[in-house]
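Working notes for the structure below.
The values are calculated or read from the model by the stated rules, or taken from the named source; none is laboratory data. All figures in this text were calculated on a predicted structure; none of them were measured in a lab. So basically every Cβ, Gly included, is an ideal-geometry build from the backbone, and we count neighbours across all protein chains shown.
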Amino acid sequence: MGEIGGNDYNYAFLQGKSTVEILHFVPLVVDTIASAITELIGLGAVSILVPGNLPIGCSPAYLTYFQGSDMADYDPLTGCITWLNQFSEFHNEQLQEKLDQVRKLHRNVNIIYADYYNTAMRFYHSLNQFGFTETLRACCGGGGRYNYSSSMACGDLPLTTGCNDPSSHVSWDGLHYTEATYRWISKGVLEELYAIPYTNSLCFPSTVNKQIY
């Protein structure tokens with residue numbers, strides 16, 4: 001299933017709501033995800049992949065909006081904003097607890113948590129390993145330290161220009177990743193240990209008629 005809640009958090013943070021206010025949204029978002037899972041099960045789904053939140057503290061949009069001089073807010077190894085990433089981790093912890101509850105109610109359904117957060121954090125710690133040269137600057141944007149401007153987004157007039165090689169950047173436009181980034185995330189979830197429970201590359205016997213939603 002697709003990510004639920006990301007835009008709710010984006011709008012709230014980027015409109016200036018406090019972290020305390022937004023923390024109150026988390027149970028509602030998590031319950032909405034659980035309701036969507038239950039609905040899919042009712043429609044016959046028996047294998048459901050549920051993504052966690054990405055590290056928003058590494059997003060050029062958030063880095064631009066919350067740009068400040070207090071270096072204590074930043075992870076010295078990655079340049080990401082620590083307290084924003086802690087929010088993403090909190091959402092993911094709450095989501096995993098809720099998934100455990102749903103699994104107990106539907107023991108014959110394979111509910112898999114896709115750990116987007118930790119598979120993405122690898123890029124910021126070891127960018128060269130994945131072929132990236134830019135982790136915090138958007139490929140296509142309106143300039144500035146992180147090449148992001150809310151008043152001049154990628155594609156807006158006057159035309160903003162994309163970088164020569166999008167695959168060298170983690171972020172495409174400040175809010176969305178590049179195709180290369182999503183490819184690495186998919187590989188991490190499908191082939192490595194970023195799916196919980198780990199399911200042997202999410203492969204199922206061909207004799208079993210199963211679909212992943």
**Prompt:** Of Cys140, Cys154, which residue is within 18 Å of Leu14 (Cβ to Cβ), touching an Asp or Glu at 6+ places or on another chain (Cβ under 6 Å) and outside any strand (DSSP E or B)?
**Reply:** Cys154
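The rows are residues; the columns are (1) over 21 Å from the mean Cα position of the chain (by Cα); (2) modelled with pLDDT under 95.
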{"residue": "Leu127", "(1), (2)": "no, yes"}
{"residue": "Thr135", "(1), (2)": "no, no"}
{"residue": "Ala138", "(1), (2)": "no, no"}
{"residue": "Gly144", "(1), (2)": "yes, yes"}
{"residue": "Ser151", "(1), (2)": "yes, yes"}
{"residue": "Cys154", "(1), (2)": "no, yes"}
{"residue": "Pro158", "(1), (2)": "yes, yes"}
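Among the residues of the range 1-31, how many are surrounded by 13 or more Cβ atoms within 10 Å (Cβ to Cβ) and either in a helix (DSSP H, G or I) or among the polar types (S, T, N, Q) (or both)? Write out each step before concluding.
Residues of the range 1-31 that are surrounded by 13 or more Cβ atoms within 10 Å (Cβ to Cβ), as a first pass: 1, 3-6, 8-10, 12-14, 17, 19, 22-23, 25-26, 29-30.
So of that shortlist, the ones also either in a helix (DSSP H, G or I) or among the polar types (S, T, N, Q) (or both) come out as 6, 8-10, 12-14, 19, 22-23, 25-26, 29-30.
Result for the range 1-31: 14.
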**Prompt:** Here is a list of conditions, (1) in contact (Cβ under 8 Å) with a residue 40 or more places away in the chain; (2) on the phi > 0 side of the Ramachandran plot, and Val29 meets all of them except one; can you say which number that is?
**Reply:** (2)
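Take the residues in the range 32-47 that are small (Gly, Ala, Ser) and outside any loop (DSSP other than H, G, I, E, B); name whichever of them is surrounded by the most Cβ atoms within 10 Å (Cβ to Cβ).
Kept after step one, since they are small (Gly, Ala, Ser), are these residues of the range 32-47: 34-36, 42, 44-45, 47.
Next, only the ones that are outside any loop (DSSP other than H, G, I, E, B) stay: 34-36, 42, 47.
Numbers: Ala34: 19, Ser35: 12, Ala36: 16, Gly42: 9, Ser47: 16.
Filtering the range 32-47 for residues that are small (Gly, Ala, Ser) and outside any loop (DSSP other than H, G, I, E, B), the one surrounded by the most Cβ atoms within 10 Å (Cβ to Cβ) comes out as Ala34.
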**Selected residue (only one of Ile81, Ile41 is in contact with a Gly (Cβ under 6 Å, 6 or more places away or on another chain), of a type in the set (A, V, I, L, M) and more than 15 Å from Thr181 (Cα to Cα))** = Ile81
**Asked** How many residues are of a type in the set (Phe, Trp, Tyr) and in a loop (DSSP other than H, G, I, E, B) when one looks only at the range 48-92?
**Response** 1
**Prompt:** Within the range 157-181, restricting attention to residues that are assigned to a strand (DSSP E or B) and of a type outside the set (Ser, Thr, Tyr), which residue is nearest to Thr78 (Cα to Cα)?
**Reply:** Val170
**Request:** Within the range 93-119, count every residue that is charged (D, E, K, R), in contact (Cβ under 8 Å) with a residue 24 or more places away in the chain and not in a helix (DSSP H, G or I).
**Result:** 1
**Message:** Looking at Leu77, Leu105, can you tell me which residue is farther than 30 Å from Gly142 by Cα and either modelled with pLDDT under 95 or over 13 Å from the mean Cα position of the chain (by Cα) (or both)?
**Reply:** Leu105
**Prompt:** If we keep just the residues of the range 173-213 that are at pLDDT 85 or above and hydroxyl-bearing (Ser, Thr, Tyr), which is farthest from Ser150 (Cα to Cα)?
**Reply:** Tyr194
**Prompt:** Restricting attention to the range 65-89, and to residues there that are out of contact with any strand residue (DSSP E or B) (no Cβ under 9 Å at 6 or more places or on another chain) and surrounded by 15 or more Cβ atoms within 10 Å (Cβ to Cβ), which single residue is nearest to Leu127 (Cα to Cα)?
**Reply:** Asn85
**Message:** So, Pro60, is that one of a type outside the set (S, T, N, Q), surrounded by 16 or more Cβ atoms within 10 Å (Cβ to Cβ), touching a helix residue (DSSP H, G or I) at 6+ places or on another chain (Cβ under 9 Å) and in contact (Cβ under 8 Å) with a residue 60 or more places away in the chain or not?
**Reply:** no
